[in-house]
1. Report yes if some residue within the range 61-73 is modelled with pLDDT of 90 or more, among the small types (Gly, Ala, Ser) and assigned to a helix (DSSP H, G or I); otherwise report no.
2. Condition test on residue 134, is it out of contact with any helix residue (DSSP H, G or I) (no Cβ under 6 Å at 6 or more places or on another chain) and at pLDDT 90 or above?
3. Just to be sure, is residue 183 modelled with pLDDT under 75 and assigned to a helix (DSSP H, G or I)?
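The values are calculated or read from the model by the stated rules, or taken from the named source; none is laboratory data. A quick note: this is a predicted structure, and the numbers were derived from the prediction, not measured. Neighbour counts are summed over all protein chains in view; Cβ atoms, including those assigned to glycine, are modelled from backbone coordinates with ideal geometry.
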Amino acid sequence: MATQAQAQEATTSADHGADALVDATHGESLGETHAGTEAHSEVFPPFDPSTFPSQLLWLAITFAALYFVLSKLALPRITRVLEDRKAIIDGDIAAADASRQKTDAAIAAYEAALASAKAKAQTIANQSRDAIQADIAAKRGAVEADLAGKLTEAEGRIAATKSEALTHVDEIAAETAQTVVVQLLGDVPSESVRAAVAKASKE
């Protein structure tokens, strides 16, 4: 009985020792793991040299995928957009050039029409001035001829009136002289008085 009890105690103590050894070993491994984790956590993962190969691999994969997507999807659309925009710009430039040419042609035609209108207006003005001057000259000639005729007629009438007046003057003078002579000298023949007056008027 004593032997069995000692054996059980020895077994129990051996179990306790084994458990203590296991606990110590586990504690050391946990400590090493924690220390390794702390050592690894001190380095930023992208800057960790141990991750460089995987980072380079993923970089190459990402670049290849991005290049494929851009070359197959984005770049053709961008190219089409640029080509469409270039075509629109070229069309706008061509339309602007055509409009400019039309504007230049319209300005040239307007200037030519304006010059022609000025020339026609000048010609019409010259013709009108010449016609007016000719009309004025004709009317002036007619008026001058009319005035000359009237002047000649008036001069004729004046001459006739003067002649008639002179004739009457002689008669009046003769009658006056005869009256005076009659009052002074008495009865004198009228023919003698008229002859004397005529002789006096001629002198």
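1. Yes: the range 61-73 contains one or more residues that are modelled with pLDDT of 90 or more, among the small types (Gly, Ala, Ser) and assigned to a helix (DSSP H, G or I).
2. Numbers: out of contact with any helix residue (DSSP H, G or I) (no Cβ under 6 Å at 6 or more places or on another chain): yes; at pLDDT 90 or above: yes.
It is true that residue 134 is out of contact with any helix residue (DSSP H, G or I) (no Cβ under 6 Å at 6 or more places or on another chain) and at pLDDT 90 or above.
3. Judged against the criteria, residue 183 is a match.
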